[in-house]
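A.B. asks: Quick one: the structure is below, and I'll ask about it shortly.
The values are calculated or read from the model by the stated rules, or taken from the named source; none is laboratory data. For clarity, every value in this text was computed on a predicted model and none was experimentally measured. We place every Cβ from the backbone using ideal geometry, glycine too, and count neighbours over all the protein chains shown. To get the accessible areas, we keep the full protein, side chains included, count just its heavy atoms, and leave off ligands, DNA and RNA. Shrake-Rupley method; radii C 1.70, N 1.55, O 1.52, S 1.80 Å.
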Amino acid sequence: MDTSGPWTRASRATGLLSDPGGPHPARTARPTVFARISALAAQHDAANLGQGFPDTDPPPLVAEAAIEAIRAGRNQYPPGAGEAVLREAVAEHQQRCYGLDWDPHFEVLVTTGATEALAATVLALVEPGDEVITLEPFYDQYAALIALAGGVHRTVPLAIAPGADGDLVTSVDTVALRAAFGDRTRMIIVNSPHNPTGLVLGREVLTVIAEEAARHDALIVTDEVYEHLTYGSAHVPIATLPGARERTVSISSAGKTFSVTGWKIGWVTAPAELITAITGVKQWLTYTSGAPFQPAVAAGLRMPASVVADIAADLRSRRDLLVEGLRSVGFTVSVPGSGYFVVADAAPLGETDAEALCERLPREAQVAAIPLSAFYRPAAAPPEAPAAHPHGSRPGPAPEAASLLRFAFCKDRATIEKAIERLGAWAAR
């Protein structure tokens, strides 16, 4: 049976397509590195610092609001656009935090997490052959979605290198960023705060994106799920920049901020015509979801700012615990400005192949991590046109990323301390 279809493009774009060849190839999509490493972690009872799901509970007010909604019978389909109470809370949140005014009836859409929001946006607005820009490394869903839509993925590599103090520093080359735009650019996906590096894009970089998007009449799609989990520079939504609002689709979710990744409640804010286009795809995906969770998330968005600040402060303390622990083991580390993850270089320990190391660590050290190469285009990705885009066409991870790992600090302190102790014993051996 011929099982070819768009799924093979998505699997190929993420390096997961298994095609043994022959007259009747049994094509399969291999498990992601996250699934594979988590399985190894479970097999070896390893401290799992690989997948980015928190060990902590949501704020009591948010949890109790969900329980109350279930008891009140809010268990059936909510409206396709989302419960009015949540759409209104999202609009209030955007105005209170960023001064952005959105009409909750026509400019806010509730989705099944940021994952569905991104999928519906790309599938609604990207035609075959359209070019979509991302930074690289990037959240792996982006490559899959661009491929499903038949788009062409252009990337702008982030520089990850030791700074003056010896720690890893992540930066964006704005010249390369400008050069990535072209006549066929349809969209740029802006992930800030950034996964996996924790980089918070500054106003200079955001301004370059806004200017080039306007110059090429391109859409800006933002992934802002870590917007409140910053540990220094505050997050600046690109929609607040002059001329950006009318071409920006802003996406966020409750999962990371409130430690409810399993609830899958996200949202989109954008001008009404863009919301209409995105709804045209979203209504054929999940249609709607999470009836009792929507009023609970609304309650969370209306909590005092101090509650969310305390969540970020607690995460920052766990970040510092992991950073210091990895340094003591011998890794060169980043100090992320946001998010859940620390990038660490294993080269000082004599380990130059992070992919191989991450396969070994659950068995050798009882610790799980993810190679940073999982967030780059695979080396087998189709080549782009280097003459047209000299800065955005390199397939596969940069050589300097080969020894880099991503460790999650969104775990409880006991798990982090156990992982550091085990890594120290492993390194000593």
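A.B. asks: So, R0 is 45 Å and r is the distance between the beta-carbons of His44 and Thr276; what FRET efficiency does that work out to, to 0.05?
C.D. replies: 0.35
A.B. asks: So, R0 is 51 Å and r is the distance between the beta-carbons of Ala312 and Met1; what FRET efficiency does that work out to, to 0.05?
C.D. replies: Calculated value: 0.50.
A.B. asks: Carbon-plus-sulfur fraction of the accessible area of the chain, 1.4 Å probe, in percent?
C.D. replies: 55 percent
A.B. asks: Please report the accessible area of Val152 (heavy atoms, 1.4 Å probe, ligands and nucleic acids excluded) in Å², nearest 10.
C.D. replies: Estimated to the nearest 10 Å², Val152 gives 40 Å².
A.B. asks: In the neighborhood of Gly163, defined by Cβ-to-Cβ distances under 15 Å, what is the net charge if each Lys or Arg adds +1 and each Asp or Glu adds -1?
C.D. replies: Result for the neighbourhood of Gly163: -3.
A.B. asks: Any idea what % of Cα-Cα pairs in the stretch 279-371 are farther than 21 Å?
C.D. replies: Within the stretch 279-371, distances greater than 21 Å cover 56 percent of Cα pairs.
A.B. asks: Dividing the alpha-carbon radius of gyration of the chain by 2.2 N^0.38 Å (N being the number of residues), what value is obtained?
C.D. replies: Ratio of Rg to 2.2 N^0.38 Å for the chain: 0.96.
A.B. asks: Divide the volume of the convex hull of the Cα atoms of the stretch 13-94 by its number of residues and quote the answer in cubic angstrom per residue.
C.D. replies: 253 Å³
A.B. asks: A further question on this structure: Let me check I have the definition right: for the stretch 319-366, take the eigenvalues of the Cα gyration tensor, multiply each by 5, take square roots. What are those semi-axes in whole Å, largest first?
C.D. replies: The answer is 19, 12, 11 Å, longest axis first.
A.B. asks: Pick from Val343, Val175, Val323: which is most flexible by mean-square fluctuation in a GNM of the chain where alpha carbon atoms under 10 Å apart are linked?
C.D. replies: Of the options given, Val175 has the highest mean-square fluctuation.
A.B. asks: Now for a separate question. Does a label point 7 Å from the Cα of Thr174, set along Cα-to-beta-carbon, have any residues of the stretch 192-226 with amide nitrogen under 12 Å, and which are they?
C.D. replies: Those under the cut-off are 202-212.
A.B. asks: Quick check for you: with a 1.4 Å probe and neighbouring chains kept, what is the accessible area per residue of the chain, in Å²?
C.D. replies: 40 Å²
A.B. asks: With 10 Å bins from zero, work out the P(r) of the stretch 189-253 over every alpha carbon pair and list the percent per bin.
C.D. replies: 23, 57, 19, 1
A.B. asks: Note the direction-averaged projected area, equal to a quarter of the hull surface, for the Cα convex hull of the stretch 80-162, in nm².
C.D. replies: 7.5 nm²
A.B. asks: At 1.4 Å probe size, put Tyr98, Tyr139, Tyr77, Tyr226 in order of accessible surface, largest to smallest.
C.D. replies: Ranked from most to least accessible, the order is Tyr77, Tyr139, Tyr98, Tyr226.
A.B. asks: So, one more: Rounded to whole Å, give me the distance from the Cα center of the stretch 1-71 to that of the stretch 272-325.
C.D. replies: Centre-to-centre (Cα) distance: 20 Å.
A.B. asks: A further question follows. Over the chain, what is the relative contact order in percent, taking alpha-carbon pairs closer than 8 angstrom and at least six residues apart?
C.D. replies: For the chain, the relative contact order is 24 percent.
A.B. asks: Under 14 Å from a point placed 7 Å out from the Cα of Leu321 along the Cα-to-Cβ direction: which residues of the stretch 395-429 have their backbone N that close?
C.D. replies: Zone members listed by number: 408-422.
A.B. asks: Which net charge results for the neighbourhood of Arg215, defined as the other residues with beta-carbon distances under 12 angstrom from its beta-carbon, given Lys and Arg at +1 and Asp and Glu at -1?
C.D. replies: -2
A.B. asks: A further question on this structure: Quick one: net charge of Glu88's neighbours, Cβ under 11 Å, K/R +1, D/E -1?
C.D. replies: Neighbourhood net charge equals -1.
A.B. asks: I've got another one for you. Could you work out which residue, out of Phe409, Phe375, Phe106, moves most in a Gaussian network model of the chain, that is, has the largest mean-square fluctuation with Cα springs under 10 Å?
C.D. replies: Judging by the Gaussian network model, the answer is Phe106.
A.B. asks: What does the C-alpha gyration tensor say about the overall shape of the stretch 135-274? Classify as rounded when a/c is under 1.5, otherwise prolate if a/b is larger than b/c, or oblate.
C.D. replies: Rounded, since a/c falls under 1.5.
A.B. asks: Under 20 Å from a point 7 Å along the Cα-to-Cβ line of Arg429: which residues of the stretch 42-61 have their amide N that close?
C.D. replies: 42-50, by backbone N distance to the label point.
A.B. asks: Could you identify which residue out of Ser38, Ser334, Ser317 has the top mean-square fluctuation in a GNM of the chain using Cα springs shorter than 10 Å?
C.D. replies: Maximum fluctuation in the GNM of the chain, among the listed residues, is at Ser317.
A.B. asks: Between Asp183 and Arg302, what FRET efficiency follows from the Cβ-Cβ distance if R0 is 35 Å, with the result rounded to 0.05?
C.D. replies: 0.20
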